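Q: Can you keep this structure in mind? I'll have questions shortly.
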Amino acid sequence: MPGIDECLLEAMRLPGALGASLVDWTSGLALGTVGDAPGGDHEASAAEAAELARLAAEQRAFAPGAAAAAEAGDAAGEAARPDPPVEDLIISNHDSYHLLRFVPTSFDSSVFLHLWLARADGNLALARIRLGEMAGRLVLG
Amino acid sequence: MTVVRTTPPPRLPVRNKTTADEPAATGLSPMLNRLAAERATGVLVRECGTLYLADGHVVHAESPLAPGLDVLLTTHGTLDAESWRQAADRADERHGAGRLLLDARRVTQGTLELCHLGALYDAAYFALAPSSAPGRFRYGTGHWLGPVRPVPVAAVERETLRRRELLHRIWPDPWADGAPLLRTALGAAPAVPPRQAAVLTLVDGARSAPDIARELGRPTFHTLVDVRRLTAAGLVAPHAPHAPHAPPSTPDPLPVVTDPDITLLKRLRDALEAL
């Protein structure tokens, strides 16, 4: 059963991984960090990535239907639907990728995994699949 | 040639690394910094909450304003209340409740760490709020939860300051933070994001933000972020007699003039008429 650090270290074993963190997108707090930070400061990059994640999780263009279900107090619908409906965000730079993966939890939370990947060595498709598995294992064991 | 001079834009704020790394610079609690420096173990009781220290690190925090770890874990059925109660009862100095829950496979390490950090930073935010009374420290007593994920004092202080600033940026008036909340009567309310909608449905004129947080099994700070957003959007308002009423101010009595300067008044009148 992995904890936060084990999960981040596992992410760092992916080819091309430069840095990884677990961030709360409501507060912008980095709950755990491993490796290098984009921009050199884990706390600052966590706060900035959190802004982006929050937008993706809240805007109806990206998360359709979620608002309506919550508004109606549809408990059954809410339980069946992962929160938020967005799975991950991918940002491509000229030399690196950022992969933001939302962590679905059975308790109330707003966290995502942030993986920073060198473009030359990284495999985006593999990283996306593996990060999704890690996000699941982080809370399910 | 006319040169148009404009005022230069204000410099963007840049966090000063050297001061940010010195916990003493934050000035949140000088006592807490001293305890961190001497790697103290014990309990710091402040006006709005309690911090538990072990070897100068924060291992747990509690506040009457923040839902406890048990609430975060049990509200949505991640852990059943009975398992929590059993672990709390059986916990001793060698086996903390956290360890017992993990060993019995009631929760996963990741779940426990996430909820624990959520509860810790949330309660610490209120515990470190400005207070009028000084804090008290008792050496040597740990917390029955046991160590889950200790956090340096400096990190807790930095995060608390950052959270204050975050709330202030969203909506600068803290009046709605503790008061019962009321939905403002708007014809057609604009759609709000799901997590804000969950808060909004519990706004009923009686519950305050900490009450809503407890009901949702969500940290109070996270609820405050949504409450301030909803307040800024004009959808929610504090349901309370606004602000402590200032005593009706008595109008300043008119100055008693015994010797009006008649000559000056006449000259003034003459000058005005001559215009």
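Q: Within the range B:235-251, is even one residue surrounded by 14 or more Cβ atoms within 10 Å (Cβ to Cβ), modelled with pLDDT under 80 and either assigned by TED's automatic domain parsing to the domain that holds B:LEU65 or among the aliphatic types (A, V, I, L, M) (or both)?
A: If we filter the range B:235-251 for residues that are surrounded by 14 or more Cβ atoms within 10 Å (Cβ to Cβ), which is where we start, we get B:235-240.
With modelled with pLDDT under 80 added as a condition, the list becomes B:240.
If we keep only those that are either assigned by TED's automatic domain parsing to the domain that holds B:LEU65 or among the aliphatic types (A, V, I, L, M) (or both) too, we end up with B:240.
Scanning the range B:235-251, I find at least one residue that is surrounded by 14 or more Cβ atoms within 10 Å (Cβ to Cβ), modelled with pLDDT under 80 and either assigned by TED's automatic domain parsing to the domain that holds B:LEU65 or among the aliphatic types (A, V, I, L, M) (or both), so the answer is yes.
Q: A further question on this structure: Would you check if A:SER96 is polar (S, T, N, Q) and touching a strand residue (DSSP E or B) at 6+ places or on another chain (Cβ under 6 Å)? Let's see the steps before the verdict.
A: On the way: polar (S, T, N, Q): yes; touching a strand residue (DSSP E or B) at 6+ places or on another chain (Cβ under 6 Å): yes.
Considered against the rule, which asks whether it is polar (S, T, N, Q) and touching a strand residue (DSSP E or B) at 6+ places or on another chain (Cβ under 6 Å), A:SER96 comes out as yes.
Q: Does at least one position in the range B:227-236 carry a residue that is closer than 25 Å to B:HIS116 by Cβ and part of a helix (DSSP H, G or I)?
A: Here is the first cut: in the range B:227-236, the residues closer than 25 Å to B:HIS116 by Cβ are B:227.
Then keep just the ones that are part of a helix (DSSP H, G or I); that gives B:227.
Yes, that holds for at least one residue.
Q: Among B:LEU114, B:LEU128, which is within 19 Å of B:TYR52 (Cβ to Cβ), at pLDDT 90 or above, crowded, with 24+ Cβ neighbours inside 10 Å and away from chain A (no Cβ under 14 Å)? Lay out the reasoning, then the answer.
A: On the way: B:LEU114 fails: away from chain A (no Cβ under 14 Å).
None of the other options fit; the residue is B:LEU128.
Q: Shifting gears a bit: Within the range A:80-93, is even one residue basic (Lys, Arg), modelled with pLDDT under 95 and over 16 Å from the mean Cα position of the chain (by Cα)?
A: Of the range A:80-93, the ones basic (Lys, Arg) are A:81.
Cutting the leftovers down to modelled with pLDDT under 95 gives us A:81.
Remaining after also requiring over 16 Å from the mean Cα position of the chain (by Cα): A:81.
Yes.
Q: Shifting gears a bit: Filter the range B:201-228 down to the residues that are farther than 24 Å from B:LEU69 by Cβ, of a type in the set (A, V, I, L, M) and surrounded by 21 or more Cβ atoms within 10 Å (Cβ to Cβ) and list them by number.
A: Within the range B:201-228, B:VAL203 is the sole residue that qualifies.
Q: Looking at the range B:96-116, which of its residues are part of a loop (DSSP other than H, G, I, E, B) and touching a helix residue (DSSP H, G or I) at 6+ places or on another chain (Cβ under 8 Å)? Step through it out loud before you land on a result.
A: Going through the range B:96-116, the residues part of a loop (DSSP other than H, G, I, E, B) turn out to be B:96, B:104-108.
Scanning the range B:96-116 gives B:ALA104, B:ARG106, B:VAL107, B:THR108.
Q: Going through the range B:147-169 one residue at a time, which ones are assigned to a helix (DSSP H, G or I) and more than 11 Å from every other protein chain (Cβ to nearest Cβ)?
A: Taking the range B:147-169 first, the residues assigned to a helix (DSSP H, G or I) are B:153-169.
Those that are assigned to a helix (DSSP H, G or I) and more than 11 Å from every other protein chain (Cβ to nearest Cβ): B:VAL153, B:ALA154, B:GLU157, B:LEU161, B:ARG164, B:HIS168, B:ARG169.
Q: Going by the conditions given, is A:LEU113 more than 14 Å from every other protein chain (Cβ to nearest Cβ) and of a type outside the set (Phe, Trp, Tyr)?
A: Details: more than 14 Å from every other protein chain (Cβ to nearest Cβ): no; of a type outside the set (Phe, Trp, Tyr): yes.
No; evaluated as a whole, the condition is false for this residue.
Q: For B:ALA119, state whether it is within 14 Å of chain A (Cβ to nearest Cβ), assigned to a loop (DSSP other than H, G, I, E, B), within 28 Å of B:GLU157 (Cβ to Cβ) and small (Gly, Ala, Ser).
A: On the way: within 14 Å of chain A (Cβ to nearest Cβ): yes; assigned to a loop (DSSP other than H, G, I, E, B): no; within 28 Å of B:GLU157 (Cβ to Cβ): yes; small (Gly, Ala, Ser): yes.
No.
Q: State yes or no: is B:LEU65 part of a loop (DSSP other than H, G, I, E, B), in contact with a Ser or Thr (Cβ under 8 Å, 6 or more places away or on another chain) and either without any contact (Cβ under 8 Å) to a residue 60 or more places away in the chain or of a type in the set (A, V, I, L, M, F, W, C) (or both)?
A: Working: part of a loop (DSSP other than H, G, I, E, B): yes; in contact with a Ser or Thr (Cβ under 8 Å, 6 or more places away or on another chain): yes; either without any contact (Cβ under 8 Å) to a residue 60 or more places away in the chain or of a type in the set (A, V, I, L, M, F, W, C) (or both): yes.
When the stated conditions are applied, B:LEU65 passes them.
The values are calculated or read from the model by the stated rules, or taken from the named source; none is laboratory data. All values reported here derive from a predicted model rather than from experimental measurement. So basically every Cβ, Gly included, is an ideal-geometry build from the backbone, and we count neighbours across all protein chains shown.
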